[in-house]
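The values are calculated or read from the model by the stated rules, or taken from the named source; none is laboratory data. Treat the numbers as computed from the prediction; the structure is a model and nothing was measured. Backbone-built Cβ (ideal geometry, glycine too); neighbour counts: all protein chains shown. For the accessible areas, the whole protein counts, side chains as well, though only heavy atoms, and no ligand, DNA or RNA atoms are used. Shrake-Rupley method; radii C 1.70, N 1.55, O 1.52, S 1.80 Å.
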Amino acid sequence: MAASLRLRGAASGLRYWSRRQQPAAASLAAVCSRSMASKTPVGFIGLGNMGNPMAKNLMKHGYPLIIYDVFPDACKEFQDAGEQVVSSPADVAEKADRIITMLPTNNNAIEAYSGANGILKKVKKGSLLIDSSTIDPTVSKELAKEVEKMGAVFMDAPVSGGVGAARSGNLTFMVGGVEEEFAAAQELLGCMGSNVVYCGAVGTGQAAKICNNMLLAISMIGTAEAMNLGIRLGLDPKLLAKILNMSSGRCWSSDTYNPVPGVMDGVPSANNYQGGFGTTLMAKDLGLAQDSATNTKSPIPLGSQAHQIYRMMCAKGYSKKDFSSVFQFLREEENF
């Protein structure tokens with residue numbers, strides 16, 4: 001069993017961790033590791049826009065990596081840096097007893113764990129498997145059952161914060177699973193995020209993420225609508241953003257990730273909506289929210305409308321653009 005799993009009793013009852021809560025004198029190494037003995041190899045599967053910088057932050061904290069991605073080119077820079085690249089998720093499980101997966105969809109996650117060359121083919125007893133994908137909570141629960149049968153531990157730990165936070169190591173992780181294993185997960189997740197929150201049983205991390213992203217989509221559409229209306233009424237976009245951000249309409253979409261080109265630097269709207277969080281992925285997450293709402297008989301009229309808008313965007317050529325391109329979509333769809 002991984003050394004980290006033997007730490008389970010140390011944080012029993014601990015439900016929330018934030019790097020900001022650490023003493024000022026504490027070094028990153030002290031925050032993110034118990035000892036050099038715990039720096040055994042960590043498996044990482046999925047090196048996309050989010051997985052790539054997450055894996056790099058583990059490297060920065062001294063963790064050797066066992067890497068796999070379905071696209072070999074995604075592994076090249078890690079291989080060049082001396083990390084070990086293998087040919088399947090099963091091979092990752094054979095070489096590492098702590099594995100993080102970061103994958104786009106339900107099917108990708110199922111294939112990585114349960115497929116012909118999946119993790120479960122060679123997983124070792126006592127292994128800790130952390131899935132940071134955003135998938136259906138019911139899928140997380142099913143994967144957890146399969147993992148448990150193999151004598152290993154599964155935790156869902158989706159993230160919030162986007163590519164910028166992934167690069168800076170300031171993600172928020174929403175963790176679901178056996179509480180006694182939270183300390184073991186926290187050791188790794190704390191190297192990639194500034195907030196690691198225990199949410200409850202397996203699936204609750206996904207539930208929190210789905211709710212967050214539904215709200216994010218709604219607020220981004222609202223910000224885009226408000227900015228577009230103000231511009232058409234003659235307001236300067238930078239002035240309007242300034243007013244919104246000192247008023248009650250302020251939100252993350254307006255003050256940190258503004259969708260209007262020229263208002264902010266360092267965001268996708270300043271780069272023709274390249275990079276960031278893709279419209280296709282937002283549509284997928286809103287579909288998960290819609291399914292969960294149907295299953296729980298929860299009314300989400302704004303969430304449902306947001307889902308339809310992002311689906312239309314995908315059909316009209318916005319699928320590979322950042323989700324903040326909803327501003328551009330609204331500008332071009334005058335008869336919407």
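Give me the residue from segment 203-218 that is open to solvent by 30 Å² or more (accessible area, probe 1.4 Å) and touching a residue at least 12 places away in the same chain (Cβ under 8 Å) and, out of that set, farthest from the chain's Cα centre (by Cα). Walk me through it before giving the result.
Going through segment 203-218, the residues open to solvent by 30 Å² or more (accessible area, probe 1.4 Å) turn out to be 204, 207-208, 211-212, 214-216, 218.
If we keep only those that are touching a residue at least 12 places away in the same chain (Cβ under 8 Å) too, we end up with 204, 207-208, 211-212, 214, 216, 218.
On the way: Thr204: 14, Ala207: 13, Ala208: 12, Cys211: 13, Asn212: 11, Met214: 14, Leu216: 14, Ile218: 18 Å.
The qualifying residue farthest from the chain's Cα centre (by Cα) is Ile218.
Only one entry in Ala37, Ala24, Ala30 is at pLDDT below 90, open to solvent by 60 Å² or more (accessible area, probe 1.4 Å), farther than 22 Å from Gly161 by Cβ and not in a helix (DSSP H, G or I), namely Ala24.
Residue count for segment 146-164, restricted to those that are touching a residue at least 24 places away in the same chain (Cβ under 8 Å) and in a helix (DSSP H, G or I): 5. With respect to the conditions (1) among the charged types (D, E, K, R); (2) surrounded by fewer than 19 Cβ atoms within 10 Å (Cβ to Cβ); (3) without any contact (Cβ under 8 Å) to a residue 60 or more places away in the chain, Asp131 falls short on a single one, namely (2).
Here Lys321 meets the list (1) among the charged types (D, E, K, R); (2) open to solvent by 30 Å² or more (accessible area, probe 1.4 Å); (3) within 30 Å of Pro137 (Cα to Cα); (4) out of contact with any Ser or Thr (no Cβ under 6 Å at 6 or more places or on another chain) almost entirely, failing just condition (4).
On the basis of being of a type outside the set (Val, Ile, Thr), over 19 Å from Gly176 (Cα atoms) and touching a helix residue (DSSP H, G or I) at 6+ places or on another chain (Cβ under 6 Å), does Ala90 make the cut? Judged against the criteria, Ala90 is a match. Remark: Val147 falls outside the filter, which requires a residue to be β-branched (Val, Ile, Thr) and within 14 Å of the chain's Cα centre (by Cα). Restricted to segment 227-248, and to residues there that are in contact (Cβ under 8 Å) with a residue 24 or more places away in the chain and open to solvent by less than 50 Å² (accessible area, probe 1.4 Å), the residue that is farthest from the chain's Cα centre (by Cα) is Ile231.
Yes or no, residue by residue, for (1) farther than 26 Å from Thr172 by Cα; (2) of a type outside the set (Val, Ile, Thr):
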{"position": "Met192", "(1), (2)": "no, yes"}
{"position": "Val202", "(1), (2)": "no, no"}
{"position": "Met214", "(1), (2)": "no, yes"}
{"position": "Ile231", "(1), (2)": "yes, no"}
{"position": "Leu235", "(1), (2)": "yes, yes"}
{"position": "Leu239", "(1), (2)": "yes, yes"}
{"position": "Lys242", "(1), (2)": "yes, yes"}
{"position": "Ser248", "(1), (2)": "no, yes"}
{"position": "Trp252", "(1), (2)": "no, yes"}
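Within segment 265-309, the only residue that satisfies the criterion of being among the aromatic types (Phe, Trp, Tyr) and modelled with pLDDT of 95 or more is Tyr273.
Considering segment 46-124, the qualifying helices (runs of 4 or more DSSP H), each wholly inside and each with 2 or more residues that are without any contact (Cβ under 8 Å) to a residue 40 or more places away in the chain, open to solvent by less than 20 Å² (accessible area, probe 1.4 Å) and not charged (D, E, K, R), run over 106-114. Is it the case that Ser140 is assigned to a helix (DSSP H, G or I), crowded, with 24+ Cβ neighbours inside 10 Å and either in contact (Cβ under 8 Å) with a residue 24 or more places away in the chain or outside the structural domain of Ile67 (by TED's automatic domain parsing) (or both)? Judged against the criteria, Ser140 is a match.
I need the full set of residues from segment 254-271 which are out of contact with any Leu (no Cβ under 7 Å at 6 or more places or on another chain), open to solvent by less than 20 Å² (accessible area, probe 1.4 Å) and closer than 17 Å to Gly164 by Cα, in order please. Correct list: Asn258, Pro259, Val267, Pro268, Ser269.
Considering only residues in segment 308-318 that are at negative phi and without any contact (Cβ under 8 Å) to a residue 60 or more places away in the chain, the one that is surrounded by the fewest Cβ atoms within 10 Å (Cβ to Cβ) turns out to be Ala315. Taken over segment 160-195, residues that are under 17 Å from Asp285 (Cβ atoms) and either among the small types (Gly, Ala, Ser) or surrounded by 24 or more Cβ atoms within 10 Å (Cβ to Cβ) (or both) amount to 9.
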